[in-house]
Structure formats: C-alpha cells, structure tokens
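Q: Quick one: the structure is below, and I'll ask about it shortly.
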Amino acid sequence: MTIASTMLKRNRTGVARDPDMAKDMMKGSKHTIDGTDRQEFVDARLEGMRHNPPAATMPPPAHLDKVRSSLLLDKLGERLAFERAGVRLYETLMLKHDATGGFPGGPSRADLEEIREDELSHFAMLEGIVGRYGGDPTAVTPSANLVGVETKGICAAINDPRISLAEGLHAILVAELADNAAWEQLIELVEQLGQEELADEFREALETEQDHLARVRTWLAADIAGRVQAEADEVVPGA
Amino acid sequence: MGIDIHREAGTHLDDQEFTWREIVSAPISKLDNDAFTRVRIILMNGIESEQNRFLHALARMTANKDLKLAAARVRRIEQHQQTLVNWLNPADQSPLETTIGFEQVAIEVTASVAQVEPDPYLAQVYRFGLLEDFDHMFRYAALMDRIEGHDANDILQSYTDIMPGRPTSQEHRDPADDMREWYDRGKADVITKLNALTIMAGENQTHDYYMTIGPMFSDPIARQLYAEIASIEEQHVTQYESIIDPNETWLEKWINHELAEVYNYYSCLSFEDDPRIKKVWERFLDYELGHLHHVMDLMKRIERRDPAELVPKTLPDPIQYRSQREFVRKVLASEVAYTANGTRIGSLPDTAETLSYRRQLNSSGSPSDAVSAGWHWRPGTELTREALDIDGMHKMERESA
C-alpha cells in the first residue's frame with residue numbers, strides 16, 4: 001500500500017512554516033540595487049531573441065520525385081516521433097501498474113497495453129506514409145525535434161519511480177491533449193494539400209486519440225474521487 | 001598547413017580579451033551540423049577543462065608566487081575559452097544525446113590516436129580503453145531507445161557503429177589492474193605526450209560530465225547506468241594519467257599542456273567544415289600559441305632551461321576527424337576478450353582482486369547488462385521492427401477485406 005503524497009505533512013517550503021524567519025526575510029528584502037530598472041532585463045533577453053538561425057532544417061528528401069510538400073514531411077515526422085515516444089511512455093505506465101497495482105476506477109494493465117499498441121500502430125502507419133511521400137522515417141525533422149524538447153518534462157515525470165500511476169496519468173494527460181490538437185492540425189494540413197486519402201487515415205487516428213484522452217480523463221476523475229473520499233474518512237468529525 | 005611553432009608567437013596574453021556576448025555565441029545546430037563538429041566541441045571542452053584542472057593543481061602545489069600568478073593569469077583565459085567552446089552545445093541537445101556525443105569522441109578520437117602512437121605498449125593501452133568506451137555507446141544507445149524512444153544514430157550520423165564491445169559489466173577491475181607503465185619523458189616522441197594528454201583530458205571530462213548529469217535522470221535504470229559507466233570512466237582516468245611520466249617538472253608539464261592545446265586546436269582547424277566554428281578554432285589556436293610562448297619564457301626564467309628541447313619546430317599530423325569504423329572493427333575482432341593484469345594487457349587471466357571486486361559490484365545485478373538485454377540497434381529504434389510487424393498485419397487486413 002503506497003502512501004498518498006497529500007497524507008504526509010513534511011514539506012518545508014513556504015514562509016508560513018516559520019513566521020519569525022519569514023519576518024527576518026522580509027526585513028532583508030528591503031535592500032535592493034538603486035537606480036536599476038526591470039526594463040534592462042527585458043532588453044537583454046530581447047537582444048538574445050533576435051537574429052537567430054533556425055534550430056534545425058529539413059534533411060534532403062530520400063526520394064525527391066515523391067516529395068509533394070516539405071511542410072507535410074516535417075509535420076509527419078513530428079507525429080511519428082511523438083507516437084514513438086508515446087509507446088515508451090505507456091510502457092512505463094504499464095511498469096508502474098505492474099509494480100504498484102491499479103486504483104479503483106483506474107486503468108487495467110490491458111487498458112494501458114491497448115493504448116500502447118495504438119501508439120505503435122500510429123507510428124507504423126506514419127513510417128509507411130513518410131516513406132511513400134519521399135521522406136526518411138528515421139530522420140529527425142525540425143518539428144520532431146521540437147516535440148522532443150516539449151515532452152522532456154513529461155518523460156522525466158513518468159520515468160520517476162516516485163511518481164505514482166495516477167500522477168503518471170496526469171502527465172500523460174498533457175501528452176494526450178497535445179496529441180489530439182496535433183492530429184487535428186495535421187488533418188487540416190492534408191486537407192489543404194488536397195490529400196483526402198491521408199485525411200481519412202488521420203481522422204481514424206484522431207478518433208483513437210480522442211478515445212485515449214477520454215479514458216485518461218475518466219481515470220483521473222476516479223483518482224480524485226477516491227482521494228476525496230479517503231480524505232473525508234481521515235477527518236475526525238468535530239475535531 | 002604547417003605551423004612553425006617557434007616563430008608563430010600567436011596572440012599576446014594582453015590581447016586575449018572577451019565579452020559576455022561573444023563568450024555566449026549562437027550554438028551549433030544539433031541536427032544540421034556535422035557530427036564531427038560536435039565531437040570537436042566536446043573534446044575541446046575536455047582539453048580546456050584539463051588545462052584548468054592542471055593549473056589549479058600547480059597553483060596548490062607551488063610556493064613560487066610568480067608561478068602561481070602566471071598560472072592564474074593563463075587559467076582565467078583558459079576558463080573563458082572553455083566556456084565559449086562548451087556553450088556552443090545547443091539547449092535542445094539533451095544530456096543523453098550529449099552523452100552519445102561524448103562516447104563518439106572517446107571512440108573516434110582514441111581510434112585515431114591509437115593508430116599513430118609510436119610506442120606499441122601505449123597503442124595497446126589506447127586500443128584497450130577504446131573497446132570499453134565502444135561498449136558504453138551500445139548501452140547508452142539502448143537506454144535512449146528504450147526510455148526516450150529516440151535513435152542514437154541521429155547524433156552519430158552513421159559514422160560510428162552501435163554494437164557491443166568489451167561488456168561494461170566486465171570492465172570493473174581492481175585499481176592495481178588500472179595502473180600502466182609511464183612513458184619516459186626523455187625518450188618519448190612528442191606525439192606520445194600529446195596523445196596521452198588528449199585522451200586523459202577527454203576521459204576526465206567524460207567522468208565529470210556523467211557525475212554531473214547522472215542524478216538529473218528520473219528513470220532508475222538510467223541513474224544506475226550513469227553510476228556504473230562513471231565508475232569505468234574513473235578507471236580510465238586512472239589508466240591514462242598513469243601513462244604520463246610523473247618526473248616531468250611542473251613547467252615541463254605546463255609546456256606539454258599548452259602544446260597539446262595548440263595541437264588540438266590545429267587538428268580541429270584542419271577538419272572543420274563550419275566556417276563560424278572554424279573561426280573559433282583559428283582564434284584559439286592563436287591564443288594557445290600565445291600561452292605556449294609565455295610558458296616557454298617562464299621556463300627560461302624560472303628553470304633556466306631551454307624549452308626548445310620540449311617544443312618541436314612543427315606539429316605532428318592532426319587528429320583524424322573521420323570515421324574510424326574499419327580500425328575499430330578490426331580491434332574489436334581481435335582484442336575484445338583482452339584483460340588487464342597489473343600493468344599488462346592481453347589474453348591474460350583476471351587477477352583474484354579484480355574478480356572479487358567485480359563480483360561484489362555486480363552482485364545485485366548489472367545496469368549495463370539489464371538496459372541492453374535483447375536489444376540491438378535498428379535505424380529509427382527497435383520499435384521499427386515491431387512497427388513493421390504491425391504494418392504487415394495492416395496490409396494483410398486490407399488485402400483480406
């Protein structure tokens with residue numbers, strides 16, 4: 001039985017923990033550097049934001065004759081990288097389930113495995129499409145690199161063994177929300193490019209992702225409901 | 001391109017100036033730059049780091065105030081050089097991706113060095129260390145694939161093989177078996193001294209890097225793998241520092257260090273294809289020539305000794321920044337089972353001390369064995385194999401529908 005992080009009260013952050021020390025800190029805070037302005041900080045950052053080359057560009061196409069849109073290949077590469085990373089994230093959630101068990105109203109191991117297979121299936125589909133459209137599915141496109149940076153925090157949270165299954169689901173919610181929005185964007189893109197066949201395939205993928213999102217939300221709601229109940233059971237009436 | 005070291009005085013110390021803006025210039029592109037540009041940046045950070053480490057050691061061991069101050073002056077410049085070089089690494093290059101870069105340095109640079117080392121015993125030492133770092137690459141690549149879903153080859157750019165070397169779990173050995181014989185300072189070729197300093201610097205920086213970033217990983221197997229490989233890097237530093245003649249005087253060592261920096265910037269400059277980074281190597285080659293001449297003068301004044309006996313007129317051929325795949329494969333095929341027994345390397349039995357030490361460390365399991373169990377590299381991660389199966393299934397479904 002794991003102890004919920006909200007049950008124990010050992011956290012040392014915040015000034016309320018020691019009001020006398022907080023008063024001392026406030027006395028110290030009166031000292032500052034006269035004649036300085038926050039604008040200097042803003043200007044220094046602004047300067048750094050200017051005149052930068054792109055972080056990365058597209059690789060040369062694997063098959064030039066097949067390439068219809070470089071933008072499409074970039075965004076396909078983005079989804080491919082995201083779905084592939086998603087496989088690993090759900091594998092880690094499955095491990096958490098194996099290690100600590102589930103919670104009432106939460107996912108079964110089979111639920112998590114099913115989503116993992118869906119992510120793998122999307123990855124497989126995208127690999128095929130990238131190849132068909134003249135790209136190299138093993139290359140990292142600029143947008144793929146961007147989602148890699150974006151999801152670092154999600155990976156770090158889920159891989160942390162101290163993070164519970166429910167907390168891990170909270171992290172995967174961020175991924176699923178982003179994934180849903182990105183599939184929508186990809187569908188709009190292929191529609192604009194007149195690639196109706198792709199749009200149909202991607203709508204199917206979006207439906208699956210919508211289902212993932214709904215399920216994750218349901219599991220998180222069940223976790224909160226369970227913890228509300230547990231907290232209520234802890235409180236001694238009249239105390 | 002030849003440099004007459006005795007005539008080229010480089011940039012005078014007083015003219016070696018920096019501003020924060022140019023110390024922190026635009027980083028390279030992780031995806032667009034050639035992998036060897038990253039390799040050079042990582043190595044030169046290590047070379048500069050060694051220079052700082054050495055000059056601090058000198059300062060702590062000398063009572064000569066002139067020498068202490070001279071070390072502080074040069075060290076301040078070296079510190080800023082290191083910053084400028086290290087800050088060329090881009091923020092989207094994750095610690096694990098940079099780790100892959102570190103191991104690529106260890107493999108490609110050590111392989112280049114091993115082939116030009118004239119002392120056969122030391123060449124063997126390099127080949128021995130090479131196969132261990134080669135294995136680290138394999139383990140880290142497996143970690144990257146399985147934890148993050150990324151392909152290490154996107155960093156390596158197909159220059160360096162990803163396959164097992166001497167198993168990391170078998171690299172742990174008693175300190176007595178990490179000791180090597182040192183070269184003789186009076187007889188060794190200049191390139192021997194430069195090789196030793198270059199590889200020692202690279203390995204020391206690798207150790208320090210793993211010790212810094214290891215605890216930043218959340219995954220338990222990642223934390224263990226960094227702990228395990230950092231321990232081997234400590235062994236490698238022990239090995240490589242032991243090949244350097246400890247009878248060299250402080251100033252002799254300082255001159256060798258400056259010469260190694262000159263040689264390394266010259267090597268970088270010889271191979272660099274990014275014009276902006278090439279300018280960095282060019283500028284710092286001139287800075288290092290300035291340092292070298294400064295220290296040569298110190299040697300004349302303090303030791304009353306002619307530095308010409310240490311400093312050659314021209315530099316040896318540069319480090320070869322190109323794929324050393326064939327050499328590495330050849331060494332792998334013939335020497336992977338080699339062990340170290342005291343200072344000897346070859347088909348030898350492990351010592352009882354090493355066997356006992358290794359057994360103890362691995363007694364609760366081996367992180368490097370676990371992370372790569374059943375793994376082999378595939379373009380686009382091991383999931384492509386599984387994805388291919390799924391794709392085949394989809395095709396069958398479509399055909400049967």
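Q: In degrees between 0 and 90, to the nearest 10, how far off the longest principal axis of chain B does helix B:35-61 point, with axes built from Cα atoms?
A: 50 degrees
Q: Something else now. Take the Cα atoms of the range A:1-44, find their three principal axes, and give me the spread along each one in whole Å, biggest first.
A: 56, 29, 7
Q: Can you give the average number of partner chain beta-carbon atoms within 10 Å of each beta-carbon in peptide A:127-140, as a whole number? List each step's numbers first, then the result.
A: Values: counts 7, 6, 0, 0, 0, 0, 0, 0, 0, 2, 4, 8, 5, 6.
What the average comes to for A:127-140 is 3.
Q: Once amide H atoms are built 1.01 Å from N in the peptide plane, which residues 5 or more positions from A:V140, or in another chain, come under 5 Å H to H?
A: Amide H to amide H, under 5 Å and 5 or more residues apart or across chains, A:V140 pairs with nothing.
Q: Averaged over every viewing direction, what's the projected area of the C-alpha convex hull for the protein assembly as shown? Give it in nm², one decimal, please.
A: Answer in nm², one decimal: 37.9.
Q: Between the helical axis of A:165-192 and the dominant principal axis of chain A, each derived from Cα atoms, what acute angle in degrees is found, rounded to the nearest 10?
A: Its long axis makes an angle of about 30 degrees.
Q: Please arrange A:M94, B:M144 by counting, for each residue, the other beta carbons lying within 10 Å of its beta carbon, fewest first.
A: Arranged by neighbour count, lowest to highest, A:M94, B:M144 become A:M94, B:M144.
Q: Between B:A9 and A:A181, what is the label-point separation in nm under the 7 Å Cα-to-beta-carbon projection?
A: Simple spin-label model gives 6.2 nm for this pair.
Q: Excluding residues on the same chain fewer than 8 positions from B:K279, give the lysines whose Cα lies under 29 Å from its Cα.
A: B:K30, B:K193, B:K253, B:K313
Q: Among B:M299, B:A370, B:Q360, whose Cα projects farthest towards the positive end of the dipole of chain B, with charges put on the beta-carbon of Lys, Arg (+1) and Asp, Glu (-1)?
A: Highest projection toward the positive end goes to B:M299.
Q: Please report, in Å, the Rg and the Dmax of the range B:2-154, where both are computed over Cα atoms only.
A: Using the Cα atoms of the range B:2-154, the pair Rg, Dmax is 18.7, 55 Å.
Q: Another question, if that's okay. Subtract the Cα-Cα distance of B:T212 and B:E282 from 0.36 nm times their separation in residues, and report this length gain in nm to one decimal.
A: Details: separation 70, 0.36 × 70 = 25.20 nm, distance 3.01 nm.
Gain in length upon complete extension: 22.2 nm.
Q: Once label points are set 7 Å from the Cα along Cα→Cβ at both A:E150 and A:I33, what is their separation, rounded to one decimal in nm?
A: 3.6 nm
Q: Using 5 Å bins from zero, what percent of all Cα-Cα pairs in the range A:79-166 falls into each bin?
A: Whole-percent P(r) values from 0 Å outward: 3, 14, 21, 20, 17, 11, 8, 4, 1, 0.
Q: Further question on the same structure: With a bin width of 5 angstrom, please list the P(r) values of chain A as percents of all Cα-Cα pairs, from the 0 bin to the one holding the largest distance.
A: 1, 5, 10, 12, 12, 11, 10, 10, 9, 8, 5, 3, 2, 1, 0, 0
Q: Per-residue mean of other chain beta-carbon atoms within 10 angstrom of the beta-carbon, peptide A:18-31?
A: 0
Q: Another one. What does the convex hull of the alpha-carbon atoms of the range A:31-134 project to on average, in nm²?
A: Approximately 13.7 nm², given one-decimal rounding.
Q: How big is the Kirkwood radius of the range A:130-189, worked out from every pair of different alpha carbons and given in Å to one decimal?
A: The answer is 13.4 Å.
Q: Quote to one decimal, in nm, the extra length available between B:D32 and B:K65 on full extension: 0.36 nm per residue of separation minus the C-alpha distance between them. Write out the running numbers ahead of the final one.
A: Numbers: separation 33, 0.36 × 33 = 11.88 nm, distance 4.79 nm.
Full extension from B:D32 to B:K65 adds 7.1 nm.
Q: Continuing with this model, one more query. Over all residues in B:84-92, what is the mean tally of Cβ atoms on other chains that come within 10 Å of each residue's Cβ?
A: Average neighbour count from other chains, rounded to a whole number: 1.
Q: Here's a follow-up. For a quick size check, give me the Cα extents of the range B:232-389 along its three principal axes, largest first, whole Å.
A: That gives 67, 47, 28 Å along the principal axes, largest extent first.
Q: Further question: Can you sort B:K313, B:K30 by how many other beta carbons sit within 10 Å, fewest first?
A: B:K313, B:K30
Q: Sort B:286-298, A:143-155, B:43-55 by packing, meaning the average of other beta carbons within 10 Å per residue, with the highest value first.
A: In descending order of packing, they fall as B:43-55, B:286-298, A:143-155.
Q: Hey, another quick one. Could you check how many percent of all C-alpha pairs in the range B:245-302 are farther apart than 15 Å?
A: 51 percent
Q: Points 7 angstrom from Cα along the Cβ direction at A:R17 and A:T57: gap in nanometres?
A: Label-label distance for A:R17 and A:T57, simple model: 5.1 nm.
Q: Here's another thing I want to ask about it. If each DSSP helix of 4+ residues adds -39,500 (n - 2.57) and the sum is divided by the residues in chain A, what number results at 222 nm, nearest 500 deg cm²/dmol?
A: Dividing the helical sum by the residues of chain A leaves -23000 deg cm²/dmol.
Q: With an 8 Å cut-off on Cα pairs and a minimum separation of 6 or more residues, tell me the relative contact order of the range B:273-353 in percent.
A: 10 percent
Q: For a quick protection proxy, order the peptides B:85-98, B:258-271 by their average other-Cβ count within 10 Å, most packed first. Present the calculation step by step, with values, prior to reporting the outcome.
A: Working: B:85-98: 18.6, B:258-271: 24.3.
For the peptides B:85-98, B:258-271, the packing ranking is B:258-271, B:85-98.
Q: What is the dipole size for the range B:266-399, taken about its Cα centre, with +1 at each Lys and Arg Cβ and -1 at each Asp and Glu Cβ, in debye to the nearest 20?
A: Values: 20 positive and 22 negative charges, 84 e Å.
Dipole size: approximately 400 debye.
Q: Grab the eigenvalues of the alpha-carbon gyration tensor for the range B:81-135, scale each by 5, take roots, and send me the semi-axes largest first in whole angstrom. Please list the in-between numbers first.
A: Numbers: eigenvalues 153, 39, 9 Å².
Sorted largest first and rounded, they come to 28, 14, 7 Å.
Q: For the range B:351-359, just list the computed ³J(HN,Hα) in residue order, Karplus coefficients 6.51, -1.76 and 1.60, θ = phi - 60°, integers in Hz, with x standing in for Gly and Pro.
A: Going residue by residue, I get 6, 4, 5, 5, 4, 5, 4, 5, 4 Hz, with x marking Gly and Pro.
Q: Run through every distinct alpha carbon pair of chain B and return the Kirkwood hydrodynamic radius in angstroms, one decimal place.
A: Working: mean 1/r = 0.0450 Å⁻¹.
After inverting the mean inverse Cα-Cα distance, the result is 22.2 Å.
Q: Still on this structure, please answer the following. Using 30 Å as the Cα-Cα cut-off, could you pick out the over-long pairs in A:K75/A:K152; B:K187/B:K300; B:K65/B:K278?
A: Exceeds cut-off: B:K65/B:K278.
Q: PRE reach from B:E386 (point 7 Å along Cα→Cβ): which of the range A:89-124 fall under 13 Å by backbone N?
A: What the label zone holds, given the 13 Å backbone N cut-off, is A:89-95, A:112-124.
Q: Within a 10 angstrom radius of the beta carbon, how do B:R329, B:R223 rank from fewest other beta carbons to most?
A: Ranking B:R329, B:R223 by Cβ neighbours within 10 Å, fewest first, gives B:R329, B:R223.
Q: Putting +1 on Lys and Arg Cβ atoms and -1 on Asp and Glu Cβ atoms, find which of A:S69, A:F41, A:A81 reaches farthest to the positive end of the dipole of the range A:39-91.
A: Projecting each Cα onto the dipole axis, the largest value belongs to A:S69.
Coordinate-derived values only; no laboratory data. Quick caveat: nothing in here was measured; it's all calculated off a predicted structure. So basically every Cβ, Gly included, is an ideal-geometry build from the backbone, and we count neighbours across all protein chains shown.
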